[in-house]
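Peer 1: Take a look at this one; I'll ask things after.
The values are calculated or read from the model by the stated rules, or taken from the named source; none is laboratory data. In this text the structure is predicted, and so the values were computed from the model without any measurement. Neighbour counts run over all protein chains shown; Cβ positions are idealised from the backbone, glycine included. Surface accessibility is based on the protein's heavy atoms, side chains included, excluding ligands, DNA and RNA. Shrake-Rupley method; radii C 1.70, N 1.55, O 1.52, S 1.80 Å.
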Amino acid sequence: MDPIEALDEISFWLERSLAPTFKVQAFRKAADAVRKLPADDLARLVASGRITTLKGVGSRSAEVITQALEDRVPDYLAGLREKGAEALAPGGETIKAALRGDLHSHSNWSDGGSPVEAMVSAAQTLGREYLALTDHSPNLTIANGLSVERLEQQLGIVDGINSARNGFRLLKGIEVDILEDGTLDQTPDMLDKLDVVVASVHSKLRADKKTMTARMLGGISDPHTNVLGHCTGRLVQGSRGTRPQSEFDAPKVFRECADWGVAVEINSRPERQDPPDDLIKLALDAGCLFSIDSDAHAPGQLDFLQYGAQRAEALGVPTERIVTTWPLARLQEWLSLKK
């Protein structure tokens, strides 16, 4: 087995299970170190028992590399594959099978942990037909949000990837902050160049109901907005602790989403589970479209769509109202209505 493929696959399974970042990065760094080394040099280091002298290779990754070079599946990877054979979430099979893409993901251009190419490769491995690259906007400095200039550079990367990959489409996108005055945190000219705009609130989440409602309505009514991201901002578990949901006039917000053709995101991250069940039901009654998204910050997290599919199916969301089940051509037609 190829050692680099083994190390990358281990990282994928660890990311999928939300393993600690340091553990994932240990295997990512080992893969990068091996990638830079000629095959003959790698074989000599392994044969001499000096593979751990290679910077970035620890005892566990050395074991993986050694076993892979013996042309077998490393023991550590075999164990992860066995665990990974189980579904992340029970149920939701019909919607899960219908999902074709994902409109919310992050790369190492902002606060994700992997290059764009690695995110694309994982999406293809999972059978996705399209993925939107939606790194953060400038105001979110803590997440290394992209300036106009950096986003322009990223669009060139996207063009290069699309020219080289048949049968898969990487959509140009952004997760743009809805600022306190309800405007979007990127220039209109820049937003015009994108395929997908996910608009989210990331700050002042404890604002009063009236203030938050007005702010969200401003973002929804912007003609560039396609998806309302993780609408309550809540956290229900995980390493970041918990955070209560923000307060806003949900019936009014969802009516506006329906009127403006903005899909309500069902954010599949297990620590978010956003919107809560009662708000998904309100959005359903309001006639909203939905976008089941991973909000992945690493390749393995792209498989989080299983969680969103489970919740959507349990709550009776019709498959035809989930835009991420649509074929690319139909999705692009819907997106173009905002252009």
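Peer 1: Amide H neighbours of Ile266 under 5 Å, at least 5 residues apart or on other chains, H built in the peptide plane: list them.
Peer 2: Under 5 Å from the amide H of Ile266: Ser291, Ile292, Asp293.
Peer 1: Got the relative contact order for region 22-160 handy, in percent, Cα pairs under 8 Å and 6 or more residues apart?
Peer 2: Over region 22-160, the number comes to 15 percent.
Peer 1: Can I ask one more? Can you tell me the relative contact order of region 68-226? Whole percent, Cα pairs under 8 Å, sequence separation 6 or more.
Peer 2: Once normalised by length, the contact order is 18 percent.
Peer 1: Given the -39500 (n - 2.57) contribution per DSSP H run of 4+ residues, what per-residue ellipticity at 222 nm results for the chain, rounded to the nearest 500 deg cm²/dmol?
Peer 2: Mean residue ellipticity at 222 nm (helix-derived): -13000 deg cm²/dmol.
Peer 1: Give the percent of DSSP beta bridges with both residues in region 125-257 that are antiparallel, rounded to the nearest 5.
Peer 2: Once the DSSP bridges in region 125-257 are tallied, antiparallel ones form about 15 percent.
Peer 1: Dipole size in debye (nearest 20) for the chain around its Cα centre, Lys and Arg Cβ +1, Asp and Glu Cβ -1?
Peer 2: Dipole size: approximately 460 debye.
Peer 1: Apply the Karplus parameterisation 6.51 cos²θ - 1.76 cosθ + 1.60, with θ equal to phi minus 60°, to every residue of region 313-320 and state each ³J(HN,Hα) to the nearest whole Hz, in sequence, with x for glycine and proline.
Peer 2: Working through the residues one at a time gives 5, 5, 8, x, 6, x, 4, 5 Hz.
Peer 1: Here's something else I'd like to know. Using a cut-off of 10 Å between beta-carbons, work out the net charge of the residues near Val201 (Lys and Arg +1, Asp and Glu -1, Val201 not included).
Peer 2: After counting each charged neighbour, the total is 0.
Peer 1: Relative contact order of the chain, please, whole-number percent, based on alpha carbon pairs below 8 angstrom and at least 6 residues apart.
Peer 2: RCO, the chain: 18 percent.
Peer 1: Normalise the Debye intensity by I(0) for the chain, one equal point scatterer per Cα, no solvent, then take log10 at q = 0.07, 0.12 Å⁻¹ and round to two decimals.
Peer 2: Computed log10 I(q)/I(0) values: -0.30, -0.84.
Peer 1: On the protein heavy atoms, probe 1.4 angstrom, tell me the percent of accessible surface of the chain carried by carbon and sulfur.
Peer 2: The nonpolar share, carbon plus sulfur, comes to 51 percent.
Peer 1: Could you order peptides 318-327, 131-140, 40-49 by the average number of other Cβ atoms within 10 Å of their residues, highest first?
Peer 2: Top to bottom by mean Cβ count within 10 Å: 131-140, 318-327, 40-49.
Peer 1: If you line up the long axis of helix 148-164 against the longest principal axis of the chain, both from Cα atoms, how many degrees apart are they, to the nearest 10?
Peer 2: Helix 148-164 and the main axis of the chain meet at about 60 degrees.
Peer 1: If amide H atoms are built 1.01 Å from N in the plane of the peptide, which residues on other chains or at least 5 residues away come under 5 Å of the amide H of Lys172?
Peer 2: Asp195, Val196
Peer 1: Find the accessible area per residue for the chain; the probe is 1.4 Å, ligands and nucleic acids are left out, and the unit is Å².
Peer 2: With all protein chains present, the chain gives 43 Å² per residue.
Peer 1: Sticking with this one: From the cross-link list Lys23/Lys83; Lys96/Lys193; Lys252/Lys281, which pairs have alpha carbons spaced over 22 Å apart?
Peer 2: Lys96/Lys193, as the Cα separations exceed 22 Å there.
Peer 1: If you don't mind, there's one more thing I want to ask. Along the charge dipole of the chain, Cβ charges K/R +1 and D/E -1, which of Ala314, Ser114, Leu54 sits furthest on the positive end?
Peer 2: Farthest along the dipole direction, towards plus: Leu54.
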